[in-house]
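Below: one structure, written as C-alpha cells.
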Amino acid sequence: MSHLPAVTLNNGVAIPQVGFGVFQIPDAETQATVSTALEIGYRSIDTAAVYGNETGVGRAVAASGLLRDELFVTTKLWITDLGRTSARDALHASLDRLALDRVDLYLIHWPAPATDAYLEAWQGLEELYAEGLTRAIGVSNFLPEHLDRVVALGGTVPAVNQIELHPALRNRETAAAGAAHGVATEAWSPLAQGGALLAEAPVVAAARAHGVTPAQVVLRWHLQQGHIVIPKSATPSRIAANLDVFGFELTAAESAAIDALDRDGRIGPHPATFHG
C-alpha cells in the first residue's frame, strides 16, 4: 500500500486514502470488478454484509496473489444485528463469506437510534477488536449526538465515521464532531449520484484547467480536505481514473468555489430516522 497516500487512524492503523466501494455491485460480478480494481492498484476494498457481495470480494482477494498485509478490507454490521452477541455472530459470518481470519475495519453501518442498540453493539465491537478479529473499529452514518454517546461510554473511540459527504452535502457538523474526537471522516458516495454534481460550473472549470475529468476534480477536493474516499464504478476506465488523482492540486479559489456548492443535497437516508 506504500504507493498510495494513507490516513493514520487513532489507533495507529493506516488506511489508504482512496479505496474501492462495492455498493450495489451484484455478487456474481463482484469478483471480476474487484479483481480489476486490485490490478489497477487499489488496496482498500469497502463492502458490507447487507450488500450481499462479501463472497465475491473474498474470491477476488484470494485470487489476487497479494499478501494479506497488502490489503485493507472493510465490512459493516447491519441494523438487524445490533447487539453484543449478534455483532459477534455477524462478524464471524462476514469473515466466513470473505474467507478471511480478520478484517481491517469493522463498522456499525447505521445507528438506528430508535433504540440504544448501537451502544450495546459498540461494546461487542470492542471485544472483537480486542480479540484481533478486526484491526480497527468504527461507525457509519453516525450524527454528532450518536458519536458523542459512543465516546461517552469511556472505552474505545471509533477510528472512522463513514458518512455521506460530497460538495453538495458537506456534512460539516458531523465531520467537525469526528475531528474533535480524533475520528477520521470517510466519504461514501463521494461523487454524489446521477452526474448533476459533475456538471456544476466550478467542477467543470477546474477539470478544464487541470486537464482531468470532473470526477477526478471532486475526488481531489476530498483528498485536499483530508477525507478518506471509496468511489465505486463497474467501468474499468473509470475505476482507473478514480485512482489517478495525485498528479494535480486544486487552487484555493477552485476549492472555495466547489465548497460553495453545499446545499444539503442529501441522496441517502437521514441517519436520525433510518431504521433499515
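Points worth noting:
- Some residue of segment 230-238 being in a helix (DSSP H, G or I) and either in contact with a Ser or Thr (Cβ under 7 Å, 6 or more places away or on another chain) or in contact (Cβ under 8 Å) with a residue 12 or more places away in the chain (or both): yes
- Comparison of S64, S86 shows that the only residue that is small (G, A, S), within 25 Å of F274 (Cβ to Cβ) and in contact (Cβ under 8 Å) with a residue 12 or more places away in the chain is S86.
Rundown of residues vs (1) farther than 28 Å from W110 by Cβ; (2) surrounded by fewer than 15 Cβ atoms within 10 Å (Cβ to Cβ); (3) of a type in the set (A, V, I, L, M, F, W, C); (4) at pLDDT below 95, yes/no style:
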{"site": "V183", "(1), (2), (3), (4)": "no, no, yes, no"}
{"site": "G195", "(1), (2), (3), (4)": "no, yes, no, yes"}
{"site": "A201", "(1), (2), (3), (4)": "yes, yes, yes, no"}
{"site": "V204", "(1), (2), (3), (4)": "yes, yes, yes, no"}
{"site": "H210", "(1), (2), (3), (4)": "yes, no, no, no"}
{"site": "L223", "(1), (2), (3), (4)": "no, no, yes, no"}
{"site": "H227", "(1), (2), (3), (4)": "no, no, no, no"}
{"site": "A241", "(1), (2), (3), (4)": "yes, no, yes, no"}
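- Taken over segment 162-175, the residue count meeting the criterion of being of a type in the set (A, V, I, L, M) and either in a strand (DSSP E or B) or surrounded by 23 or more Cβ atoms within 10 Å (Cβ to Cβ) (or both) is 3.
- Count of residues meeting criterion [in a strand (DSSP E or B) and either out of contact with any Asp or Glu (no Cβ under 8 Å at 6 or more places or on another chain) or of a type in the set (K, R) (or both)] in segment 105-137: 4
- A Cβ distance below 7 Å, combined with a sequence gap of six or more or placement on separate chains, defines the contacts here; from segment 16-43, residues that are over 17 Å from N242 (Cα atoms) reach residues that are among the charged types (D, E, K, R) and in a helix (DSSP H, G or I) in the pairs Q31/R59.
- Residue within segment 150-161 that is free of Cβ contacts under 8 Å to residues at least 24 places away in the same chain, part of a loop (DSSP other than H, G, I, E, B) and farther than 21 Å from A14 by Cβ present: yes
- Any hit, segment 18-29, residues being within 18 Å of the chain's Cα centre (by Cα), farther than 21 Å from Q216 by Cα and surrounded by 16 or more Cβ atoms within 10 Å (Cβ to Cβ): yes
- Enumeration of residues in segment 176-202 that are touching an Asp or Glu at 6+ places or on another chain (Cβ under 9 Å) and in a helix (DSSP H, G or I): A177, H181, P202
- Some residue of segment 213-226 being outside any loop (DSSP other than H, G, I, E, B) and within 16 Å of P271 (Cβ to Cβ): no
The values are calculated or read from the model by the stated rules, or taken from the named source; none is laboratory data. These numbers were taken from a predicted model, which means no experiment stands behind them. Quick reminder, even Gly has a Cβ in these numbers, built from the backbone with ideal geometry, and neighbours come from all protein chains shown.
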